[in-house]
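Presented below is the structure to which this report refers.
The values are calculated or read from the model by the stated rules, or taken from the named source; none is laboratory data. Keep in mind that what you see is a predicted model, and the values were worked out from it rather than measured. Note that we place each Cβ from the backbone using ideal geometry, even for glycine, and neighbour counts take in every protein chain shown.
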Amino acid sequence: MQPVNGNPKSSRGGKVEILVLILLVLVLILAVWVAFVEYRYQKLAGSFRLLMTGRGGADLEATLIDFVARMDRVEQLTHGMAQRVDAVEVQQPYHVQHVGVVRFNPFQDKGGDQSFVVAVLDAHADGAVITGLSSRTDTRIYAKPIVGGQSTYTLTSEEKEAIARAMKPRA
């Protein structure tokens, strides 16, 4: 292949210039890429330093050890609370859960509804009925034990009504 101007070196020189120009562009692209990678590395290194030293100066290992210790304490507290809840759930049916009140007048010819019956029962309908009979001069209080909604003592109609009201389902 013969050059146009007759100089064999001039075509070779043009190829070298193009090659140098291509290499220069590649070096420039690589320099930009290296600068970008360096920027990302510095940002990541800063985040890593912050992670390892923490904001308060504690390193990651100390922070994790403290966190694990706190989680162990929380687990112990949770276990203790679960035991207490279990104990309360066992006892709960025996606590007062149902109360019924009836006011009435035992003396039809005088006074008002000053007398009362209060039924206080647990989940098994065990408990007591307390009756207060009021007259003009005094008030007398009586209590009768209740087991399963019944008593070994004779119950008045007002006492039966108070027990029924106490055991009536609530909406």
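Working only within segment 121-146, note down all residues that are surrounded by 12 or more Cβ atoms within 10 Å (Cβ to Cβ) and hydrophobic (A, V, I, L, M, F, W, C).
Leu121, Ala123, Ala125, Ala128, Val129, Ile130, Leu133, Ala143, Ile146
Return only the number of the condition from (1) over 44 Å from the mean Cα position of the chain (by Cα); (2) farther than 18 Å from Ser157 by Cα that Arg73 does not satisfy.
Exception for Arg73: condition (1).
Can you tell me which of (1) at pLDDT 95 or above; (2) farther than 30 Å from Ser115 by Cβ; (3) not charged (D, E, K, R) is the one Val101 doesn't meet?
Unmet for Val101, out of (1) at pLDDT 95 or above; (2) farther than 30 Å from Ser115 by Cβ; (3) not charged (D, E, K, R): (2).
Which condition does Val117 not pass, out of (1) within 23 Å of Ala162 (Cβ to Cβ); (2) out of contact with any Ser or Thr (no Cβ under 8 Å at 6 or more places or on another chain); (3) at pLDDT 95 or above, if it passes all the others?
Answer for Val117: the failing condition is (2).
If I ask for residues that are part of a loop (DSSP other than H, G, I, E, B) and without any contact (Cβ under 8 Å) to a residue 12 or more places away in the chain, which ones from segment 145-171 would you list?
The answer is Thr152, Tyr153, Thr154, Pro169, Arg170, Ala171.
Filter segment 154-171 down to residues that are exposed (fewer than 13 other Cβ atoms within 10 Å of the Cβ) and of a type in the set (Ser, Thr, Tyr), then give me how many there are.
Residues flagged as exposed (fewer than 13 other Cβ atoms within 10 Å of the Cβ) and of a type in the set (Ser, Thr, Tyr) within segment 154-171 amount to 2.
Please give the number of the condition Val102 fails out of (1) under 22 Å from Lys168 (Cα atoms); (2) part of a loop (DSSP other than H, G, I, E, B); (3) of a type outside the set (Lys, Arg).
(2)
Can Val96 be described as aliphatic (A, V, I, L, M), surrounded by 10 or more Cβ atoms within 10 Å (Cβ to Cβ) and touching a strand residue (DSSP E or B) at 6+ places or on another chain (Cβ under 6 Å)?
The answer is yes for Val96.
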